[in-house]
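In what follows, a structure is listed as structure tokens, so that the remarks can point back to it.
Laboratory data are not the source of any read-out in this text; all were calculated from the coordinates shown. On a predicted model such as this, the values are computed, not experimentally measured, just so you know. When we count neighbours, we look across all protein chains shown, and the Cβ atoms used for this are built from the backbone with ideal geometry, even at glycine.
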Amino acid sequence: MNEERMRILKMIEEGTVTAEEGAKLLDAVDETEKNESDAASNKYGIKHFLGDAVDKIKNADFDLSFGESVTFDYEKSLDPQDFNDLDISIANGSLEVVTWEEPYVKASYQVKVYQVKSEEEARDRFLTDGQFTIQSGLLRLASPSKKVKTFVKLNIPKKRYEFIKGKLTNGGIKFNQVDSDHFQLKTTNGKVQLGQVSGDKCKVETGNGAITFTEGDFETCEIDTVNGAVNLSGLFGKSDVSALSGNITVEHKGEKAHTAFYKTTAGSVKVDLPKEKRVDGVLRSKVGNLNCHLDNYKILKDKKDVANKLLEFEAFEEYEQGFHIEAETKTGSVTVKAGE
């Protein structure tokens, strides 16, 4: 469980859990390792060790801590300027980014400011703390105060960007019809929804929240979540998905895919394979079923040991281009089938 250990240490480093809570989680991992020979104990142990971490992340909503608030709407546009990079940081709130045909940028805010006495004071704090600028080819939008909750819809010109970075602490991320060489998106507590988003490389992380790609198109896609389902649909050359708690569902479109690594600790993996590809794969599970719904596939290795199942196979040898898949879960099943 080296990956689980590294993830817990990272959570301690980033402050998602305290050092004491992290120590308890590491102890739970040790307990799970000792009981892996017993399938029932293994399943219980994994869920036990996930519980405290997930509850900690879910309780990150700051509304419970700050009491009364003042709400208002705000909108600001920036004069047309050339930029290729975006850096967005929001401590408390959600983000939606869409492209449009206009040459300028517009941000539409729904703002909630805590611990203020009037709307004037709320607006002043919001404008003082926040940032929305374009300088040296970089669009920067920031709301660093946890006591200012911002729901932002950002309209940007339709073009190919170079680098888009978004980091949120307590809120969801949504992108629609955005094209960039690189995406780096992270939220501690909130879901991520990406529709018709394309580029070379995409990295998405969540602490608590589902991740959904619809009509995605990337050469490389890396996804990491502690608690939440992952759903991918589109064209992904290399995809690497890791979850501690949550199902992984992937639908490969077309013939772009060549490599895939999918791993969840508590959840199932379901994959629709790319079309017209020679396939070689390795499926693993501790206690769940391994299902290969392919015509005339060749079994290279088939282990059905208690708490240690493995299926290694090949299929569609008539095709020249290859697709390699490794899919693993500890408590759920793994299913692969031909794409439609």
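Summarising the label geometry, the points placed 7 Å from Cα in the beta-carbon direction at N291 and D129 lie 4.8 nm from one another. A simple count of charges around S89, restricted to other residues whose Cβ falls under 13 Å of its Cβ and scoring Lys, Arg +1 and Asp, Glu -1, yields +3. Remark: spin-label model distance Q81-T220 equals 3.1 nm, labels positioned 7 Å along the Cα→Cβ axis. The lysine pair tally for the stretch 129-190, using Cα distances under 27 Å and a gap of 8 or more places or different chains, is 26.
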